[in-house]
Amino acid sequence: MNKLEARKIALKRRIELYNDNLNNLVVKKLIPVIKDYKNIGIYYPIGKEINILSIMDIYPDKNFYLPITNEEISFVKYNKGDALYDGLFNTKEPKGTIVDRSNIDCFIIPCLAISKSKKRLGYGKGYYDRYLSNYNGIKIGVIYKELNNLDFIDDDFDVVLNIIIEG
């Protein structure tokens, strides 16, 4: 199937699958994966994305960065409790100085679906694809188990994930 069809199926299925227990399950699976990283890019969940923000409570000594979106995506250091503002696409974004992506050890990335070749399907704007193009750090995809290995046609420019955490 094409990406448009895959997005439609994934969005509908994600609504049906969402529950708070999945959030906790994914965070538990993330704990050992990120233990050796100091600077971690995360996301603020929108819609029915898996909420991983509690990872900040488990690792208060690590530096976390949230995305901000203008014409492109960038990341800003975020401490729990910092003010968040409404951004594009109903996201919550911090204010601050944009950090160079090379200073971030790994990124935990929300996924609508993941192809059989471990490529991320997002919302279709390509922000993560462009930002993480030629990025040498670790890319961790967070996904509902039922939306992993979805049979859709991916593109060469789609983000290839190093690690996939299923909920």
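The values are calculated or read from the model by the stated rules, or taken from the named source; none is laboratory data. Please read all numbers here as calculations on a predicted model, not as lab measurements. Neighbour counts run over all protein chains shown; Cβ positions are idealised from the backbone, glycine included.
For the range 18-37, the tally of residues that are modelled with pLDDT of 95 or more, of a type outside the set (K, R) and assigned to a loop (DSSP other than H, G, I, E, B) stands at 2. Quick one: would you say I40 is surrounded by 15 or more Cβ atoms within 10 Å (Cβ to Cβ), of a type outside the set (S, T, Y) and not in a strand (DSSP E or B)? So I40 fails the test. Once the range 106-148 is narrowed to residues that are surrounded by fewer than 16 Cβ atoms within 10 Å (Cβ to Cβ) and touching a strand residue (DSSP E or B) at 6+ places or on another chain (Cβ under 7 Å), the residue that is nearest to K38 (Cα to Cα) is K145.
With respect to A83, determine if the residue is more than 14 Å from the chain's Cα centre (by Cα), surrounded by 17 or more Cβ atoms within 10 Å (Cβ to Cβ) and of a type in the set (A, V, I, L, M, F, W, C). It is false that A83 is more than 14 Å from the chain's Cα centre (by Cα), surrounded by 17 or more Cβ atoms within 10 Å (Cβ to Cβ) and of a type in the set (A, V, I, L, M, F, W, C). For the range 47-63, the count of residues that are in contact (Cβ under 8 Å) with a residue 40 or more places away in the chain, of a type in the set (D, E, K, R), farther than 22 Å from L112 by Cβ and not in a helix (DSSP H, G or I) is zero. Look through Y78, Y18, Y65 and report the one residue that is hydroxyl-bearing (S, T, Y), farther than 17 Å from I164 by Cβ, surrounded by 16 or more Cβ atoms within 10 Å (Cβ to Cβ) and in contact with a Leu (Cβ under 6 Å, 6 or more places away or on another chain). Step by step, each of Y78, Y18, Y65 is checked, and only Y78 is hydroxyl-bearing (S, T, Y), farther than 17 Å from I164 by Cβ, surrounded by 16 or more Cβ atoms within 10 Å (Cβ to Cβ) and in contact with a Leu (Cβ under 6 Å, 6 or more places away or on another chain).
Being small (G, A, S), at pLDDT 95 or above and out of contact with any helix residue (DSSP H, G or I) (no Cβ under 6 Å at 6 or more places or on another chain) is the requirement here; does G41 meet it? So G41 fits the description; yes. The strands (runs of 3 or more DSSP E) falling completely within the range 64-167 that include 2 or more residues that are of a type in the set (S, T, N, Q), touching a residue at least 12 places away in the same chain (Cβ under 8 Å) and under 28 Å from K28 (Cβ atoms) map to 148-150. Here G141 passes the criteria (1) among the small types (G, A, S); (2) over 23 Å from N70 (Cα atoms); (3) within 13 Å of the chain's Cα centre (by Cα) except the one numbered (2).
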